[in-house]
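Peer 1: Would you mind keeping the following structure in view while I ask a few things?
Each value in this text was obtained by applying a stated rule to the coordinates, not by laboratory testing. Computed from a predicted model, the values in this text were never measured in an experiment. Here the Cβ positions follow ideal geometry from the backbone for every residue, glycine too, while neighbour counts run over all protein chains shown.
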Amino acid sequence: MRFLSSLGHAFTSRSVRPLSYISRSLARPSFASPLQPYPLFTPSRPFAMLTAKPQPAGASKVLIFGAGNFGSCLASHLGDSQHDVYMWAREENIVSHFNKHKRNPVYLKDHEFPANITAVGPEVPSKEFMEDMDVLIFAIPTQFLRDNLRTLRPKLNTENMPLMVFVNKGIEIGSHALTLEIITDTCGPEIARAATFVSGPSFAKEIVDRQPTSVSVASFTEAEAAKAATLFHQPHFRCYTNGDPIGIELSGALKNVYAIAAGMSDGMGFQNNTRAMIITRGLAELTCIGTAYGASPLTFLGLAGVGDLFLTCSSSNSRNYTVGYRLGQGESLDDIMKTLGSVAEGVSTAKGAQMIIDELGVNAPIASSVYDVLYNGKDTRLAVRELMELPPSKELELPPTAGKPARRLLRKLGLEVDSPVPQVRGF
Ligand SMILES: NC(=O)c1ccc[n+]([C@@H]2O[C@H](COP(=O)([O-])OP(=O)(O)OC[C@H]3O[C@@H](n4cnc5c(N)ncnc54)[C@H](O)[C@@H]3O)[C@@H](O)[C@H]2O)c1
Ligand SMILES: O=P(O)(O)OC[C@H](O)CO
């Protein structure tokens with residue numbers, strides 16, 4: 001008991017901690033373990049490395065784009081760790097209210113933010129301001145990222161690059177592009193190769209309350225993933241590095257679609273067996289789609305995969321679960337979207353996911369059912385009946401060939417793929 005209560009104190013104490021509080025050995029992750037989930041490719045020759053400027057030993061200057069739940073949460077987390085934090089909001093009222101009261105009037109309304117955070121906006125920050133930053137974090141919903149990056153690209157100086165961190169979890173409608181591809185299209189492959197992706201079971205509200213939390217931090221450039229992990233790592237917030245950003249991105253985006261399915265099931269009155277089935281079969285589908293895409297199957301067993309899938313499929317704090325729950329209760333998607341008040345990436349991602357499923361020719365009946373309910377007017381009860389009436393099939397089956405979309409993306413990133421992507425035969 002004494003141990004638990006002292007843990008509770010360590011995690012929730014509001015006392016200000018110096019940066020050196022983080023043990024360097026904890027904070028410096030390594031890619032060296034043979035069990036790391038590497039992507040299924042090897043670049044044919046070393047690629048030109050663009051790395052962010054060296055991060056200061058003490059406080060970093062961090063600019064966060066997006067002052068929604070997660071942008072605000074990360075601002076609070078990094079402000080709490082004594083970094084100099086700037087949070088860009090596109091809403092004038094958020095900027096002025098935040099700077100006056102250290103509270104966000106729209107998101108995480110009850111939270112009092114550390115004093116060392118300044119809101120900026122609604123104008124886009126100047127080139128000089130951005131050049132002065134050590135870190136840029138993008139907490140903008142996926143569908144708006146492309147336009148924002150297009151606007152910001154002329155303000156980036158590749159000779160003096162900040163560390164770039166992306167936390168959105170979605171697939172772009174229309175292009176069915178992952179964020180890696182959106183970055184490549186708007187900012188170029190050099191910047192995309194150095195970009196880092198943070199994903200995992202991480203409700204904003206619980207992070208600001210210092211609930212013990214862990215995330216995956218992925219990049220094609222090991223040094224950049226290590227820098228991002230060091231930036232975020234705290235005794236109540238553990239970071240694990242990962243060299244498979246494609247798998248990490250697919251995990252974060254697709255789990256939102258399965259969270260809609262789980263919410264729908266609960267909303268219809270189904271109970272624990274059904275939810276456990278959706279989570280487990282969702283993981284099998286997610287792994288099959290991701291592996292066919294070209295990611296490592298191991299990635300889906302990590303925090304960004306099963307960790308986040310489990311979290312969002314089993315909590316009414318999830319916006320995606322909530323969308324599903326309300327659909328299951330009979331509300332229309334239009335009404336839900338008008339009143340949700342926050343982004344549920346799974347709704348748009350279901351479209352991109354269905355395009356990917358069709359292109360890969362894989363079998364992902366739960367994701368396809370969510371798509372049909374959202375966009376083809378399928379009745380939720382009919383969707384459940386059809387899923388349950390599918391003929392028996394093998395429990396775990398990975399696609400016989402894998403990797404075409406990843407190879408296309410890797411070429412676009414300037415990472416020529418040398419070895420043939422191995423054939424994946426199953427567990
Ligand atoms: N909330 C969480 O717990 C959480 C955790 C991990 C990851 N994420 C991911 O972070 C991303 C942001 O989620 P959130 O929870 O902050 O969403 P939110 O709905 O709370 O906030 C959305 C933010 O996007 C901004 N925005 C809306 N339209 C925009 C545009 N055209 N250009 C730029 N910005 C625009 C809004 O002003 C707001 O700041 C999502 O991809 C989400 O999946 C969220
Ligand atoms: O509220 P959701 O469903 O967008 O989930 C938030 C985060 O992705 C949880 O990790």
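Peer 1: With the calculation restricted to Cα positions, what are the radius of gyration and Dmax of the range 138-192 in angstrom?
Peer 2: 10.8, 33
Peer 1: Let me have the 222 nm mean residue ellipticity of the chain computed from DSSP H runs of 4+ only, each contributing -39500 (n - 2.57), with the sum over all residues rounded to the nearest 500.
Peer 2: Theoretical 222 nm ellipticity from helices: -14000 deg cm²/dmol.
Peer 1: Name the long-range amide H neighbours of residue 238: under 5 Å, sequence gap of 5 or more, or other chain; modelled H, no Pro or chain starts.
Peer 2: Amide H neighbours of residue 238: 213, 214, 215.
Peer 1: Tell me, what is the FRET efficiency for residue 404 and residue 223 to the nearest 0.05, using R0 = 35 angstrom and their Cβ-Cβ distance as r?
Peer 2: Efficiency, from the Cβ-Cβ distance: 0.75.
Peer 1: Would you please state which residues of the range 112-137 a label at residue 92 would reach in this model, taking the label point 7 Å out along Cα→Cβ and a backbone N cut-off of under 13 Å?
Peer 2: Of the residues in the range 112-137, 121-123 have backbone N under 13 Å from the label point off residue 92.
Peer 1: Within the chain, which complete DSSP H helices have Cα atoms spanning at least 18 Å along the helix axis and a mean Kyte-Doolittle hydropathy of 0.0 or higher?
Peer 2: 245-267, 272-293, 345-360
Peer 1: Toward the positive end of the charge dipole of the chain, about the Cα centre and with charges on Cβ (Lys, Arg +1; Asp, Glu -1), which of 260, 363, 223 goes farthest?
Peer 2: Value: 223.
Peer 1: Tell me which residues come under 5 Å, amide H to amide H, from residue 65 once H is placed; ignore anything under 5 positions away on its chain.
Peer 2: When sequence neighbours closer than 5 places are left aside, the close amide H contacts are 88, 137, 138, 139.
Peer 1: Can you tell me which of 79-91, 402-414 comes out highest on packing, and rank the rest after it, using the mean Cβ neighbours within 10 Å?
Peer 2: Taking the mean over residues of other Cβ atoms within 10 Å, the ranking is 79-91, 402-414.
Peer 1: Further, regarding this structure: 7 Å from Cα along Cα→Cβ at both residue 337 and residue 396: what's the point-to-point distance in nm?
Peer 2: For residue 337 paired with residue 396, the spin-label model returns 3.8 nm.
Peer 1: Å³ per residue of the Cα convex hull, for the range 212-327?
Peer 2: 92 Å³
Peer 1: Ok, one more. Where nothing but the Cβ of Lys and Arg (+1) and of Asp and Glu (-1) is charged, how large is the charge dipole of the chain around its Cα centre, in debye to the nearest 20?
Peer 2: 700 debye
Peer 1: Could you tell me the largest-minus-smallest coordinate of the C-alpha atoms of the chain on each of the three principal axes, in descending order and whole angstroms?
Peer 2: Rounded to whole Å, the extents work out to 59, 51, 49 Å.
Peer 1: A further question follows. Take residue 389 and residue 411, extend 7 Å from each Cα along the Cα→Cβ direction, and tell me the distance between the two endpoints in nm.
Peer 2: Computed distance between label sites residue 389 and residue 411 equals 4.3 nm.
Peer 1: Continuing with this model, one more query. Based on the mean of other Cβ atoms within 10 Å per residue, sort peptides 380-387, 394-401 so the most packed one is first.
Peer 2: 380-387, 394-401
Peer 1: What does the highest-first list of 146-158, 239-251 look like by mean Cβ count within 10 Å?
Peer 2: The packing order, highest mean first, is 239-251, 146-158.
Peer 1: Step through the table entries 169/205; 351/412; 102/255; 100/155; 127/227; 53/100, compare each Cα-Cα distance with 26 Å, and write down the pairs that go over it.
Peer 2: 102/255; 100/155; 53/100
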